[in-house]
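Student: The structure that follows is given in the form of C-alpha cells.
The values are calculated or read from the model by the stated rules, or taken from the named source; none is laboratory data. Values in this document were obtained by computation on a predicted structure and should not be read as measured data. A quick note on method: Cβ atoms are made from the backbone with ideal geometry, for glycine too, and the neighbour counts reach across all protein chains shown. For the accessible areas, the whole protein counts, side chains as well, though only heavy atoms, and no ligand, DNA or RNA atoms are used. Shrake-Rupley method; radii C 1.70, N 1.55, O 1.52, S 1.80 Å.
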Amino acid sequence: MSVAQAEATEVALEAPSGLWRDAWYRLIRNPGAIVGLLFVLVFVVAAIFAPLLATHDPVEQNLLLIANGCCPGPSAEHYFGVDLLGRDLFTRILYGARYSLLIGIVSVAIGLSIGLVLGAIAGYVGGFVDSAIMRVMDVMLAIPGLLLAIGIVAALGPGLRNVMIAVGLANVPIFARLLRGSVLAQREADFVLAARSVGIKRPQILFSHIIPNSISPVIVQGTLAMATAIIDVAGLGFLGIGLEDPDETPEWGSMLTEVNEYLQVAPFLALIPGTAIVISVLGFNLIGDGLREALDPKLRGR
Amino acid sequence: MAGGQQTTSLRTYALTRLGLALPMVLILLTMVFLLLRVAPGDPITAALGGRLPPEQLEERREAAGYNRSLAVQYLEYLGNVATLDFGETIVDNRPVTRVITQNGAATLELTVVALFVALLVGIGVGLVSGRYRDTPVDVAGRLFGILIYAAPVFFLGFLAQLVFAQWLGWFPTSGRASPVTSYDLDTPTNLFLVDSLIALDFSAFSDVLSHLVLPAVTLGLVTGGVFIRLIRVNVLQTLQGDYIEAARARGLSERTVMWHHAFRNALVPVITVVGLQVALLLGGAVLTEQTFNWPGIGSELIRYLNNRDYIAIQGIITFFALVVVIVSLLIDLLNAWVDPRVRY
C-alpha cells in the first residue's frame, strides 16, 4: 500500500466522525446533559428576553400590596408573589438571570483568558518562570474562592465590574493549571516535534498546535466555571457585599439576604430565588459533566 | 533494613515539603498585603474617613504608621505575622488574634462537625452507589450528589430552617446556644460541646448539640457532594482491579471482597480530597455562619467588611489561608506516611 493510499483510508476513516460531531451525538444521547441544556436554555431565554417577558417594573415598589402584612404569595397578577417592598418577584427573577448570566460570562472570560496565558507561558517556557507562576497559582488556590473574591471586592470596592473581576480572578488558577498540564503533556508529542523540525517558531507552535489541542478540557472547565461563578456571585450578593445597591439591584443572592425573618409567613421569598440559582447552576454542571464524558478520548469508540 | 530506609525517606520528604511551604506562605502574605493596599488611601481613611475631622484622621494615620513607605510597612507586616500578630482592628480596637481566639472556637466546632457529616454522607452514599452501580439506589445517590452540589449553602440552610426548625420544630433556627445555656455555661475552651461535657451539664450539651445540628449538616452536605462522586468512581475503578477477581476466585465471600479489598483501596484518595475540601469548607463556613447567626470568624469577617475595616479583613483572610496551607501540609505528610508511592 502506498503512502497516498494509506492516507486516503485514514481520511476516509476520520471524515464522517469529527471530534465535535461525535461529541455532540454523545451529548444529546446523555439524559443528564439534555436536562442541563434545557435548564440553561430557560436561564438564557429568561436573561435575554427579560424586558419582554416581565410583567412589572423590577425596581418599582408597591407598598400598598404589603400593607396587610408580608407578603402576598403567587397570584394571577404576580406569578411568583411580591417581595418585602411589594415588588413583583417574577420580574425580579427574570432580571436577576441577566445579572447572573452577564457576570458569569464576563468573569469566566476573565479567568479563562488570564489563566490560559499564564498556564501556556508556565508550561511552555518552564524553569524559573514556570515555578514562579505556579507557586502564585497554588497560593491563590489555597485561599478559599469565595474569600478571595471577598478580599478583591473589599480592595476594589463594590460594583458590578469589580464583582466580575473578583470572581474572574478567583478562577484564574484553575485554568492556568489545566493549560499548563496540557502543554506539558503535548510539548514532546510527535506533532509538536514535527512542527519544530520543519522550523516553525515556538509561539506559533503554541498557538496553532498546542492550544487548539487543549481546547476540549478548557471548554469543560469553562462550563463548570460558569456554575461556580453563578454560585459565588449569589454568595457575594447574599452577604450584601457585591453590588453597590443590593436593595435595588435584582440579584438572586441578595434576594435571600433579608428573608429569613419571613420564612414562616412567606417561604416562597426564599424558595423561588433559591430554585432559580439551583436550576442555572445545575444546568451548567450537567452540561459540563456531559461534555467531559463526550469529549474524553478514552471513551471514544466505545 | 527496609524499615530504616523508609523512615529516612519519609523524613526527607517531610523536610522537602516543609521547604516548599515556606515560600508559599511568603507569596501568600505578599499577595494579601498587595491586594488590600491597592485600595485607594489607607485602612484608617477607608474605615474612618468622613467620620473624624481631618486632623484627627492624620494623627491616627501617623500613629499607625501609614505615612511611611510601602516597603517599610510591608516588612513590618511580615515581621508581625511571623510573631503571630495580625494587627488590631480599626473600628473596635480588637487585636485580630483575639477575634480568632474568641470566635475561632465557634468556627472550629462548626467545620469539624461539618467535615464529619461530609465524610459520613460522602463515604456512605459513595460506597453504596459504587457497589450497586446503575441500580435505583445508585441513580438516587448520584442525583442527590449532583443536586446538593448545585445548591448554595445559604439556600440549603434556609430550606433546613424552614423544614426542621419552623415546620417540624425539631431544632432551633439559629444561634449557638439558647440564652440560658450561654449564661450558665463556663466556657474555658469556647468549644461549647467540650465545655458542657467538662461541666457534666448534659442539658446544656443537648442544647448546644441541637443548635449545631442544622448548620453543621447544611455545611457538611454541601461539602459531602464532592466525596460522593469521588468515592463512587473509586469503587468502580477498584472493582475492576485484578486483585478483586483474584479474591473472588479464591472463594472469599462477597462481603470480605467488598470490605477488605474494594472499599479499603477506594478510600485512600479521600485523604487528599479532605485537604482540598478544607478551603471549600472555610468558604462555606462564612456563608453558613451568616445564615444561622453563628458567631464565628466568618460572621466577624462580614461585620468588619461592612465597616470597611481592612486591617481586620487582611488579618482574617491571612489566617484562613494559613490554615489551608498548614492543613494541606499535614495532609501531604499523612498521605506520604500512608502511601509510600507519594514520596517519589
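Student: From largest accessible area down, sort A:LEU179, B:LEU120; use a 1.4 Å probe on the protein chains. Mind showing how you got there, number by number?
Tutor: Values: A:LEU179 5, B:LEU120 115 Å².
Ranking A:LEU179, B:LEU120 by accessible area, largest first, yields B:LEU120, A:LEU179.
Student: Largest first, what is the accessible-area ranking of B:SER299, B:SER182 with a 1.4 Å probe? Spell out each step's value before the answer.
Tutor: Working: B:SER299 25, B:SER182 65 Å².
Reading off the accessible areas and sorting them downward yields B:SER182, B:SER299.
Student: Please report the accessible area of A:LEU169 (heavy atoms, 1.4 Å probe, ligands and nucleic acids excluded) in Å², nearest 10.
Tutor: Number for this one is 50 Å².
Student: Quick check on segment B:197-239: take the gyration tensor over C-alpha atoms, sort the square-rooted eigenvalues as a ≥ b ≥ c, and tell me if it's rounded (a/c under 1.5), prolate or oblate. If you can, show how the numbers build up before the last one.
Tutor: On the way: a/c = 6.48, a/b = 2.85, b/c = 2.28.
Prolate.
Student: Please report the relative contact order for chain A, taking Cα pairs under 8 Å with a sequence separation of at least 6, and give it as a percent rounded to a whole number.
Tutor: The normalised contact order for chain A reaches 25 percent.
Student: In whole Å, what is the distance between the alpha-carbon centres of segment B:250-271 and segment B:235-249?
Tutor: 9
Student: Continuing with this model, one more query. Other chains' Cβ within 10 Å of A:152-159 residues: what's the mean?
Tutor: Numbers: counts 3, 1, 13, 12, 4, 4, 0, 0.
Whole-number average of other-chain Cβ neighbours for A:152-159 is 5.
Student: Rounded if a/c is under 1.5, else prolate if a/b beats b/c, else oblate: with a ≥ b ≥ c from the C-alpha gyration tensor eigenvalues square-rooted, which is chain B?
Tutor: Details: a/c = 2.31, a/b = 1.47, b/c = 1.57.
Oblate, since a/c reaches 1.5 and b/c is not below a/b.
Student: Per residue, what volume in Å³ does the convex hull of the Cα atoms of the protein assembly as shown enclose? It would help to have the intermediate numbers written out before the result.
Tutor: On the way: hull volume 152.9 nm³, N = 646.
Per residue, the Cα convex hull of the protein assembly as shown comes to 237 Å³.
Student: Using θ = phi - 60° and the Karplus curve 6.51 cos²θ - 1.76 cosθ + 1.60, what whole-Hz ³J(HN,Hα) does each residue of segment B:115-129 get, with Gly and Pro shown as x?
Tutor: Using θ = phi - 60°, the values come out as 4, 4, 4, 4, 5, 4, 5, x, 5, x, 5, x, 5, 5, 4 Hz.
Student: Roughly what percent of Cα-Cα pairs across chain A reach past 25 Å? Before the final figure, lay out the partial values.
Tutor: Numbers: 26509 of 45451 pairs.
Above the 25 Å cut-off, chain A has 58 percent of its Cα pairs.
Student: In the full protein assembly as shown, how much of B:LEU305 is accessible to a 1.4 Å probe, in Å² to the nearest 10?
Tutor: Here the accessible area works out near 20 Å².
Student: At most 14 other C-beta atoms within 10 Å and a DSSP loop state: those are the exposed trypsin sites (Lys or Arg not before Pro) I care about. Give me the longest piece of chain B that has none.
Tutor: Numbers: sites that count: B:ARG51, B:ARG68, B:ARG133, B:ARG250.
For trypsin sites (Lys or Arg not before Pro) (loop position, at most 14 other Cβ atoms within 10 Å), the longest site-free span of chain B is B:134-249.
Student: Pick from A:VAL172, A:VAL117, A:VAL163: which is most flexible by mean-square fluctuation in a GNM of chain A where alpha carbon atoms under 10 Å apart are linked?
Tutor: Result for chain A, Cα springs under 10 Å: A:VAL117 fluctuates most.
Student: According to the Cα gyration tensor, what semi-axes, each the square root of 5 times an eigenvalue, does the equivalent ellipsoid of segment B:66-115 have, listed from largest to smallest in whole Å? Let's see the in-between values first.
Tutor: Values: eigenvalues 168, 34, 13 Å².
Values for segment B:66-115, descending: 29, 13, 8 Å.
Student: Want the number for B:LEU52 to B:ARG303: 0.36 nm per residue separation, take away the alpha-carbon distance, what's left?
Tutor: On the way: separation 251, 0.36 × 251 = 90.36 nm, distance 2.04 nm.
Net length gain for the segment: 88.3 nm.
Student: All other residues with a Cβ under 13 Å from the Cβ of B:ALA247 taken together, and with Lys, Arg as +1 and Asp, Glu as -1, what is their net charge? Write down the numbers at each step before the final one.
Tutor: Working: positive: B:ARG248, B:ARG250, B:ARG255, B:ARG264; negative: B:ASP242, B:GLU245, B:GLU254.
Neighbour charge sum, excluding B:ALA247 itself: +1.
Student: Oh, and also: Classify segment A:85-231: rounded, prolate or oblate, from the alpha-carbon gyration tensor (a ≥ b ≥ c, eigenvalue square roots; a/c under 1.5 rounded; otherwise prolate if a/b is larger than b/c)?
Tutor: prolate
Student: Just to be sure I understand: if you take the accessible area of chain A alone plus chain B alone and subtract the pair, with a 1.4 Å probe, what total do you get in Å², rounded to 100? Could the numbers behind the result be given before it?
Tutor: On the way: alone 15720 and 18630 Å², together 30730 Å².
Protein heavy atoms only, the A-B interface buries about 3600 Å².
Student: Using a 1.4 angstrom probe with every protein chain in place, what is the largest-first accessible-area order of A:ASP138, B:ASP184? Provide the component values of the computation, followed by the final result.
Tutor: Details: A:ASP138 25, B:ASP184 100 Å².
Highest to lowest solvent-accessible surface, that is B:ASP184, A:ASP138.
Student: Show me the trypsin sites (Lys or Arg not before Pro) within segment A:17-64 that DSSP assigns to loop and that have at most 14 other Cβ atoms within 10 Å of their Cβ. Don't jump to the answer; show the numbers that get you there.
Tutor: Working: sites: A:ARG21, A:ARG26, A:ARG29; in loops: A:ARG29.
Taking segment A:17-64 and a limit of 14 other Cβ atoms within 10 Å, the loop trypsin sites (Lys or Arg not before Pro) found are A:ARG29.
Student: Once both axes come from the Cα atoms, what is the angle between helix A:268-295 and the longest principal axis of chain A, in degrees from 0 to 90, rounded to 10?
Tutor: 10
Student: Additional query: Starting from the alpha-carbon convex hull of segment A:172-299, give the projected area averaged over all orientations, in nm². Please report the intermediate quantities before stating the final value.
Tutor: Values: hull surface 43.0 nm².
Computing the convex hull of the Cα atoms and averaging its projections yields 10.7 nm².
Student: Please average, across the residues of B:14-23, the number of beta carbons from any other chain that are within 10 Å of each residue's own beta carbon, and give a whole number. List each step's numbers first, then the result.
Tutor: Details: counts 0, 0, 0, 0, 0, 0, 2, 0, 0, 5.
For peptide B:14-23, the averaged partner shielding equals 1.
Student: A further question on this structure: Taking a probe of 1.4 angstrom, what is the accessible area of B:HIS260 in Å², to the nearest 10?
Tutor: Answer for B:HIS260: close to 110 Å² accessible.
Student: Follow-up question, since we're still on this one. Hey, what's the per residue convex hull volume over the C-alpha atoms of segment B:105-273, in cubic angstrom?
Tutor: Values: hull volume 24.5 nm³, N = 169.
Convex hull of Cα atoms, per residue: 145 Å³.
Student: In segment B:12-37, which residues have a backbone nitrogen under 16 Å from the label point lying 7 Å from B:ASN80's Cα in the Cα-to-Cβ direction?
Tutor: Counting only backbone N, you get B:29-37.
Student: To continue, here is another question. Could you derive backbone 3J(HN,Hα) for segment A:41-51 from the dihedral phi with the Karplus parameters 6.51, -1.76 and 1.60 (θ = phi - 60°), listing whole Hz in sequence and x where the residue is Gly or Pro?
Tutor: For segment A:41-51, the Karplus-derived couplings read 4, 4, 4, 5, 4, 4, 5, 6, 9, 3, x Hz, x marking Gly and Pro.
Student: Which distance in Å, rounded to a whole number, links the C-alpha centroids of segment B:154-188 and segment B:94-136?
Tutor: 18
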